[in-house]
1. Farther than 29 Å from G283 by Cβ and modelled with pLDDT of 90 or more: which single residue out of S211, S225 fits that description?
2. Among what's in the range 19-46 and is touching a strand residue (DSSP E or B) at 6+ places or on another chain (Cβ under 7 Å) and among the β-branched types (V, I, T), pick the residue that is nearest to ligand 2 (Cβ to nearest atom).
3. Of all the helices (runs of 4 or more DSSP H) wholly in the range 1-112, which have at least 3 residues that are open to solvent by less than 60 Å² (accessible area, probe 1.4 Å), under 21 Å from N131 (Cβ atoms) and in contact with a Leu (Cβ under 8 Å, 6 or more places away or on another chain)?
4. Suppose the filter is under 20 Å from T166 (Cβ atoms), free of Cβ contacts under 8 Å to residues at least 60 places away in the same chain and not aliphatic (A, V, I, L, M); does R8 pass it?
5. Could you check how many residues of the range 117-169 are at positive phi and either assigned to a helix (DSSP H, G or I) or in contact with a Ser or Thr (Cβ under 7 Å, 6 or more places away or on another chain) (or both)?
6. Anything in the range 119-141 that is more than 8 Å from ligand 2 (Cβ to nearest atom) and among the hydrophobic types (A, V, I, L, M, F, W, C)? List them, or say none.
7. Would you list the helices (runs of 4 or more DSSP H) that sit entirely within the range 217-336 and hold 2 or more residues that are in contact (Cβ under 8 Å) with a residue 24 or more places away in the chain, touching a helix residue (DSSP H, G or I) at 6+ places or on another chain (Cβ under 8 Å) and buried (at least 19 other Cβ atoms within 10 Å of the Cβ)?
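The values are calculated or read from the model by the stated rules, or taken from the named source; none is laboratory data. No experiment lies behind these values; they were computed from the predicted model shown. Don't worry about glycine lacking a Cβ; one is built from the backbone with ideal geometry, like all the others, and counts go over all protein chains shown. Each accessible area value is taken on the protein alone, full model and side chains, heavy atoms only, with ligands, DNA and RNA left out. Shrake-Rupley method; radii C 1.70, N 1.55, O 1.52, S 1.80 Å.
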Amino acid sequence: MRIFSGIRPSGKLHLGNYLGAIKNWIELQNKPDIELAVFGVVDYHGITTPFDPKTYHQQVMDAVIDYLAAGVDPKKALLIRQSKVPQHMELAWIFSTITPVGWLDRLPTYKEKQNQVESSGNEKADSWKNNLGILSYPALMAADILIYKSNLVPIGDDQKAHLDLTNEIGKKFNYLFGETFEPVKAFKSEGERIKSLQDPTKKMSKTPSTSSGQAGDSYIALMDSPDIIRDKIKKATTDSGKEIKFDEKEKPGISNLLTIYSLLAGSIKGQILSIKEVEDKYGGKSYIEFKNDLAEVVVDFLKPFQERYKEFAGDMAQVDKILTESEERARQIAQETLSDVKQKMGL
Ligand code: AMP
Ligand code: TRP
């Protein structure tokens, strides 16, 4: 099995990113049948929406440290910055020549990214308006995955359509130029859709989920301090009624908090704590008691992450060394695929 996954360096990681994506990366890198695992900070994806060139480098390095602190182990996986492995881009161009625009402009993320450009608040946002990259980046994502001949991709469910597209592109390449790419599967988990604390019908994300709500209150960043975490959970939207019961339709707020509780409390003890067990534990108790305990579960869970983050941030020489070695190896592996592809195409 070969794995690739990536996250845009678009700000601090939050619990949704952790539970929907990175937690699985860590589990997968430890499996014995994994031949190759590559995790990328996809910095060429990040420039398709407005960004600040003065802070972008730091943002990319923050993401690298986030991954290391979350448990990406350079002995088991390669940790790369996409822009340092140019083979991704070369394959993306090739893929763009066999990807009909109709496969891209119907993706829901195309509209979402257009809106993101408009609502970015960046003073030069107009310059990014409807750029070609926000239409074509799924072809780059397909290249990110297939350049390593990956067949398993840990992602949240919002990325599922992109993976279907990756398979379509791989199949078309095989049809035109000969058998090269195998089908790719998504690896998904229970945390695949963590909801916003302010509006539990929307996913937890870095952008505000309600027009009145503040973006910061809708997500828990992995680096939030204990007091901020307690405050955000206290303010999280709950539902009418008093019962602590999982019911996504009638009680989306409490259901989301139960999911977070069960996933985090379980992983602190290194075991699985089912939602049913959490419900039983809080039978007859109030929302306030449940939320207070949940806040402590989140604080305890994030403490070791935050300590490791500080350690890595204080030893950038080690971080640079990890990147240099990983990126060198990644270029070698990626070049094998690219040479094969170019040869098959007569390039
Ligand atoms: P993004 O921050 O949107 O670039 O997402 C990075 C990764 O985290 C992707 O694999 C997403 O599917 C995943 N992800 C983002 N938000 C959530 C969420 N609220 N719940 C679960 N997974 C998420
Ligand atoms: N498109 C993904 C996102 O917006 C990020 C991404 C880029 C990715 N390349 C990837 C995810 C390859 C998985 C595999 O979240």
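1. Matching residue, one of S211, S225: S225.
2. V42
3. Filter on the range 1-112 gives 87-96.
4. For R8, the condition - under 20 Å from T166 (Cβ atoms), free of Cβ contacts under 8 Å to residues at least 60 places away in the same chain and not aliphatic (A, V, I, L, M) - is met.
5. Within the range 117-169, residues that are at positive phi and either assigned to a helix (DSSP H, G or I) or in contact with a Ser or Thr (Cβ under 7 Å, 6 or more places away or on another chain) (or both) number 1.
6. A125, W128, L132, I134, L135, A139
7. 226-235, 252-268, 287-313
Matching residues to (1) acidic (D, E); (2) touching a residue at least 40 places away in the same chain (Cβ under 8 Å):
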{"site": "T97", "(1), (2)": "no, no"}
{"site": "V101", "(1), (2)": "no, no"}
{"site": "K113", "(1), (2)": "no, yes"}
{"site": "S120", "(1), (2)": "no, yes"}
{"site": "K124", "(1), (2)": "no, yes"}
{"site": "L132", "(1), (2)": "no, no"}
{"site": "Y137", "(1), (2)": "no, yes"}
{"site": "L140", "(1), (2)": "no, yes"}
{"site": "D144", "(1), (2)": "yes, yes"}
